[in-house]
Structure formats: structure tokens, C-alpha cells
1. At what distance in nm do the modelled label points of N217 and E273 sit from each other, each positioned 7 Å from its Cα along Cα→Cβ?
2. How big is the Kirkwood radius of the stretch 121-250, worked out from every pair of different alpha carbons and given in Å to one decimal?
3. Working only with C-alpha atoms, what are the Rg and Dmax values of the stretch 173-322, expressed in angstrom?
4. Where does the charge balance sit around V169 when Lys and Arg score +1, Asp and Glu -1, over other residues with C-beta under 10 Å from its C-beta?
5. Taking the Cα centre of the chain as origin, work out the dipole magnitude from +1 charges on Lys and Arg Cβ and -1 charges on Asp and Glu Cβ, in debye rounded to 20.
6. Could you work out how much longer the chain between D56 and E23 gets when fully extended? Use 0.36 nm per residue separation minus the Cα distance between them, nm to one decimal.
7. Skip the ligands, DNA and RNA, and give the accessible area per residue of the stretch 245-322 with a 1.4 Å probe, whole Å².
8. What is the calculated FRET efficiency for T316 to K133, with r their C-beta to C-beta distance and R₀ = 41 Å, to the nearest 0.05?
Amino acid sequence: MSSVNLALIGCGQLGRVHLACAEKIPAARFIAYCDKVDGAAESLLNERGGEYATTDVDRVLGDKRIQAVYICTRHDSHAPLAVAAAKAEKHIFIEKPLALTIDDCDAVAKVVRRAGVYLMPAFKMRYYPLIQKAREFIPCPQVLVVQMMDSRWSDDGWGQDSTQGGANVHSQGCHMTDVLRFLARSEPRRVWAAGGTMTHPGHPCIDQCVASIQFENGHVASWIQGDAALGKFTSKFFVELFGDGKSVQLYDRFTKATFSDSERTWVEERGEEEGFALENREFVDALLHNRTPAITAHDGLQATRLVLAADRAIRTGQVHEL
């Protein structure tokens with residue numbers, strides 16, 4: 001394959017971000033846009049070019065010229081759209097989370113496997129260059145700390161809706177549970193967590209989580225997630241790794257990192273965030289070379305599994321085995 005025809009399903013903010021990234025890849029071309037909101041796809045077509053816009057997902061999935069679809073919709077629609085796309089033999093780039101339940105994640109993974117298509121969840125954190133350098137610097141960290149703290153989410157936003165978004169911990173937490181697995185190079189074994197519904201009283205979903213995680217290799221991590229306030233010192237994203245006499249702290253949305261070993265301490269900086277651009281390059285390159293993307297449906301399932309285990313631990317007060 002020398003080029004790839006793409007379709008965007010979900011023409012909102014994140015759809016536009018991924019479109020802008022893919023437009024910079026010479027071999028990628030969006031030819032179709034789809035959104036259930038009248039005018040949203042048409043507006044993007046008029047702005048960015050392509051062949052057609054539609055509110056009909058079946059039209060996109062039935063278009064034999066399209067090799068892959070980007071699913072950038074609200075979370076509760078991810079699983080049914082991914083299943084339909086896989087059955088239509090389309091490769092899939094899907095925004096996080098893969099789905100909000102294990103059953104839905106399992107269903108997607110099974111259909112993707114049977115269809116023989118590629119699916120890549122949009123876990124951009126892995127692609128920040130300083131995250132990757134930290135992983136090389138401390139290949140097997142004994143202790144990890146990850147934090148994603150945001151300003152209080154609006155009660156009216158779809159992300160806070162218990163069905164469409166799942167609220168902060170379920171909506172965004174998978175970013176951090178995935179990067180934990182990536183940096184630990186091991187699967188989580190047991191989870192204990194405390195937290196609850198603190199910033200949105202009466203809401204059915206938890207909005208703050210502090211979890212302790214042990215991995216199969218015996219190493220441990222702490223994961224902090226919520227919308228009690230934005231961390232101005234660390235920024236929204238913050239990660240620490242400790243192991244073998246070395247440490248790394250990543251901050252300022254992973255554009256800066258402090259590295260330390262037994263001899264010296266130094267700071268490295270990147271000029272801008274690169275996660276979105278680099279994950280898009282990975283997906284297109286995987287399609288062009290007919291290879292499995294570095295992130296798969298299994299990673300999406302495991303990220304959601306860890307979020308749900310922490311949720312159960314908060315609600316029951318018990319350690320949960322994975």
C-alpha cells in the first residue's frame with residue numbers, strides 16, 4: 001500500500017485535531033467525513049477538502065475505497081462503531097477509551113481479531129519523546145507515580161455524563177493506566193484505591209481516585225486522577241520513575257523532564273507537545289507496511305480494566321486482583 005484513504009467519524013474537537021495531524025502525512029488522505037449532527041461533517045469538508053460529507057455511518061463503512069476510519073465520537077458509541085467498522089473490513093484508529101466496560105472492550109477485540117483488521121487506540125502519552133526516553137533511561141522502574149489532575153469538569157459537558165463520558169476518572173484515566181503499563185513493562189496484578197464523588201456530589205460516577213498498584217514483576221505504582229483542581233506546578237500530566245539509583249520527573253505536559261543518576265542531574269525540554277502527531281504517524285505507517293500498530297485493542301482493554309478495578313476498590317474498600 002503506497003497511500004491510505006481515510007474517513008473521519010466524529011467531526012468535533014478531537015476529530016479536527018487528528019485530521020490536522022494526518023494532513024501532514026503525505027500518504028494519508030481523508031476523503032469522507034461523518035457526523036450525526038447536521039452540518040458538522042459538511043463544514044469540515046468545506047474547510048479541509050475531500051469527496052463527501054454525510055450523517056450516514058453505513059455510507060462510509062460501505063465505501064470500498066476507504067481503508068481505515070477514525071472514530072472520534074463520544075465514548076458510549078466507540079464499541080458499536082468499532083464493531084461495525086471491523087465487520088466492514090476497515091482498519092480503525094479510535095479515540096480513548098476503547099470502551100467504558102470490559103464487555104464492550106472484549107466485543108471489539110474479538111471482532112477485530114476475527115475480521116483481520118488493525119485497531120489502534122489513541123493513547124498519545126506513549127508517543128511523547130520524553131516518555132519514551134524515560135522508559136529507556138529506567139527500563140524497569142521499581143516505583144512509578146502518575147498523575148492527571150484537571151480543573152473541575154462542567155456538570156453540563158458530555159464527558160461528565162455517566163453514559164456518554166463516564167466522568168473524569170473513567171474518561172481520561174485510561175491515558176494514565178496505559179502509560180503505567182507502558183513504563184512498567186508489566187501487567188497490573190492487584191489494585192487498592194481510595195476516592196469517590198467529591199467535586200460532583202450526587203453524581204453516580206467517581207471523580208477522584210488515588211490508587212496503589214502492584215505489577216506482576218513485583219514493582220509498584222501510585223496513580224492519582226481527578227478534577228479537584230489543575231496542578232499549576234506540575235501541569236495536568238505528571239510522571240515520576242524511580243529505579244536502580246536513577247529517577248525521572250516529567251512535567252509541563254511532558255515537554256520537560258528532569259533526569260538524575262548517581263553522577264549528575266539534568267533537564268531536557270521539547271518545544272511542543274508531540275503525542276498527537278506521532279501516534280497518527282504510527283497508525284498510518286502500520287497500515288502502509290501491513291503491520292500491527294504498537295498499541296492494540298488488548299492495550300485498550302487493559303487500560304479500561306485497570307480503571308474499573310480502581311473504581312471497584314473505591315466502592316468496596318477492598319484490594320482487587322486482576
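The values are calculated or read from the model by the stated rules, or taken from the named source; none is laboratory data. What you see is a predicted model, and the numbers here were worked out from it, not measured in a lab. As a convention, Cβ positions derive from the backbone with ideal geometry for all residues, glycine included, and neighbour counts pool all protein chains shown. We work out accessible area using only protein heavy atoms, side chains counted, and drop any ligands, DNA or RNA first. Shrake-Rupley method; radii C 1.70, N 1.55, O 1.52, S 1.80 Å.
1. 2.8
2. 15.2
3. 17.2, 52
4. It works out to a net charge of -3.
5. So the magnitude is around 600 debye.
6. 9.5 nm
7. With all protein chains present, the stretch 245-322 gives 49 Å² per residue.
8. Working: r = 38 Å, r/R0 = 0.94.
Result of the calculation: an efficiency of 0.60.
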